[in-house]
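Everything below concerns the one structure shown next.
No lab work stands behind these numbers, since they all come straight from the coordinates. For clarity, every value in this text was computed on a predicted model and none was experimentally measured. For neighbour counting, all protein chains shown are included, and Cβ atoms are generated from backbone atoms with ideal geometry for every residue, glycine included.
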Amino acid sequence: MTALFTERLETAMGPQKLAYRQQAGEGTGLVFCGGFRSDMTGTKATALADWAREKNRPYTRFDYFGHGASTGAFTDGTMSHWRGDIPHILDHLCEGPQILIGSSFGGWLSLMAALDRPQKVAALVLIAPAVDMTERLMWARFSDKARDKLMREGLVYDPSEYDPEGYPITKALIEDGRAHLMLEAPIEINMPVRILHGQKDDAVPWDLSLELADRLVTDNVECHLIKNGDHRLSEPHELARLIELIEALAL
């Protein structure tokens with residue numbers, strides 16, 4: 001039965017629970033993994049839910065720890081903590097291998113899930129994947145003043161057009177992120193990977209996706225660039241391209 005309301009799944013972290021919505025269907029299941037500070041009610045997550053319902057495809061969307069309707073404080077999250085969320089969803093809610101659709105931060109986490117649960121992941125569709133973002137897109141970009149404040153106080157607010165208050169970035173997130181960096185060595189993922197990236201993305205540079213493609217050991221990798229696309233890739237023609245990539249992989 002299609003879940004028309006938000007349910008919560010208890011995690012291995014004790015009382016914390018992940019919020020999710022799940023739709024039944026036939027064929028390979030789809031799991032949407034959203035972005036940093038995003039939630040499962042966003043444009044892409046909702047558009048894919050509508051498409052999956054129309055096509056009778058199994059579809060799961062959820063909120064990470066400290067995001068959306070899930071429990072926990074966002075600033076308590078680290079990559080080690082969030083890395084466990086997708087595998088937990090796969091282990092407890094999904095039958096058979098799934099296609100992971102990872103957006104930005106969710107792209108990095110989807111790659112981690114493919115390494116951690118290769119038997120549960122059939123393919124990856126990555127949207128502007130923010131691989132190694134804590135180091136490449138945060139720490140490396142921070143000013144000396146911001147770095148000093150982060151080291152002294154443990155927290156800085158990173159300005160973002162997607163959040164008027166800025167993203168709260170903790171020292172723990174930056175330091176823990178270094179244990180999960182991927183682009184420094186070959187990435188041992190052997191499954192189809194499709195990458196969609198806008199060339200006017202001002203949050204995640206599109207050439208990062210080319211670097212990722214080069215690091216993946218699988219030969220079954222395609223990078224699709226949208227010349228005028230921004231980071232959201234939520235325009236109708238961009239969503240249509242995303243769905244085309246998913247349809248070509250879904251069995």
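Structural remarks
- Any chance Ile101 is touching a residue at least 40 places away in the same chain (Cβ under 8 Å), out of contact with any Pro (no Cβ under 9 Å at 6 or more places or on another chain), surrounded by 22 or more Cβ atoms within 10 Å (Cβ to Cβ) and assigned to a strand (DSSP E or B): yes
- Of the strands (runs of 3 or more DSSP E) lying entirely inside region 1-89, those carrying at least 3 residues that are farther than 27 Å from Glu161 by Cα are 7-10, 17-23.
- Number of residues in region 187-214 that are in contact with a Leu (Cβ under 8 Å, 6 or more places away or on another chain) and of a type in the set (Lys, Arg) equals 1.
- Test set (1) exposed (fewer than 14 other Cβ atoms within 10 Å of the Cβ); (2) touching a Ser or Thr at 6+ places or on another chain (Cβ under 9 Å) - Val204 fails condition number: (1)
- Matching entry among Glu153, Glu161 (being surrounded by fewer than 19 Cβ atoms within 10 Å (Cβ to Cβ), acidic (Asp, Glu) and closer than 26 Å to Asp201 by Cα): Glu161
- Residue list for region 216-247, filter: touching a residue at least 24 places away in the same chain (Cβ under 8 Å) and of a type in the set (Gly, Ala, Ser): Gly229, Ser234
- Each residue in region 171-201 was checked for being of a type in the set (D, E, K, R), assigned to a loop (DSSP other than H, G, I, E, B) and crowded, with 16+ Cβ neighbours inside 10 Å, and 1 of them qualify.
- Of all the listed residues (Gly68, Gly35), the sole one being within 19 Å of Ala114 (Cα to Cα), of a type in the set (Gly, Ala, Ser) and in contact with a strand residue (DSSP E or B) (Cβ under 9 Å, 6 or more places away or on another chain) is Gly35.
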